[in-house]
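The values are calculated or read from the model by the stated rules, or taken from the named source; none is laboratory data. Note that the structure is predicted; figures quoted are calculated from it, not measured. Please note: Cβ atoms are built from the backbone with ideal geometry, for glycine as well, and neighbour counts cover all protein chains shown. Remember, those area values only see protein heavy atoms, side chains included, never the ligands or the DNA or RNA. Shrake-Rupley method; radii C 1.70, N 1.55, O 1.52, S 1.80 Å.
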Amino acid sequence: MTPAWPTGPVSRIEALLTAPLPATGPTSDEGEPETGEWSATTGEGFRIEPLWQSDDLVGVYGTDWAAAEAAASDRLAGLVAELDRRWGPHRTAGMRVPIFRNTAGEPLLPLYQALCDTDCLGDLVVWGPVGGRWIAVSLNQSDGDAPMILVAVVSDRPITELDEDEGEG
């Protein structure tokens, strides 16, 4: 059974639907002034924000690591269920092609480049258009010791799965 989702992250996602997005320009990261911790990335027509972060997983192994991973996956499932209830069924945009292209040094659309640059490599669960924008969420972890991070993406352009034969766009 999928757990109920707290309203804070859903409210944050809904606020992103009306947040200003740059039409053009470079991609830039934002951080908390005191800690420097990543708080958002904005770029040409998009914004990426962390919604939740697990504890660090340094020294966590075996069943404890599996339990932490399951809890994070349950958190994602709860959010997806709530957003499906609000906006209808989602679709998935895999990150396999952007990851391979990034690794090969090939050009990517700014949104996918930003996702790769911030280690947000989890497949995107996408809705849209919702109020003229596309929303996605994903669960990410940059390495086995790092915390798991649930992020939201908002874009004024369609968020689609890249085709292996598709160019930069």
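For the pair region 26-66 / region 88-166, the C-alpha centres are spaced 14 Å from each other.
If you wrap a convex hull around the alpha carbons of region 7-72, what volume per residue comes out, as a whole number of Å³? Each step should come with its number before you reach the end.
Working: hull volume 8.5 nm³, N = 66.
Dividing the Cα hull volume of region 7-72 by its residue count gives 129 Å³.
Per residue, region 56-130 exposes an accessible area of 51 Å² to a 1.4 Å probe, with every protein chain left in place.
Each of residue 55 and residue 23 was given a label point 7 Å from its Cα along the Cα-to-Cβ line. The distance between the two points is 4.8 nm. Helical content of the chain, expressed as a calculated mean residue ellipticity at 222 nm, amounts to -10000 deg cm²/dmol (DSSP H runs of 4 or more residues, -39,500 (n - 2.57) each, divided by residue number, nearest 500). In plain terms, the C-alpha convex hull of region 54-169 casts an average shadow of 7.8 nm² when viewed from every direction.
What is the calculated FRET efficiency for residue 103 to residue 160, with r their C-beta to C-beta distance and R₀ = 25 Å, to the nearest 0.05?
Values: r = 20 Å, r/R0 = 0.82.
Given R0 = 25 Å and the Cβ-Cβ separation, E is 0.75.
Full extension of the chain segment joining residue 84 with residue 143 gains 18.3 nm, where the gain is 0.36 nm per residue of separation less the Cα-Cα distance.
Cα gyration tensor of region 80-135, axes a ≥ b ≥ c as square roots of the eigenvalues: rounded (a/c below 1.5), prolate (a/b > b/c) or oblate? Prolate is the answer for region 80-135, as a/c is 1.5 or above and a/b outweighs b/c.
Spin-label model, residue 92 to residue 67: label points 7 Å out along the Cα-to-beta-carbon direction sit 2.7 nm apart. Report, to the nearest whole %, how much of the accessible area of region 128-169 belongs to carbon and sulfur atoms, 1.4 Å probe, protein only. Carbon with sulfur: 42 percent of the solvent-accessible area.
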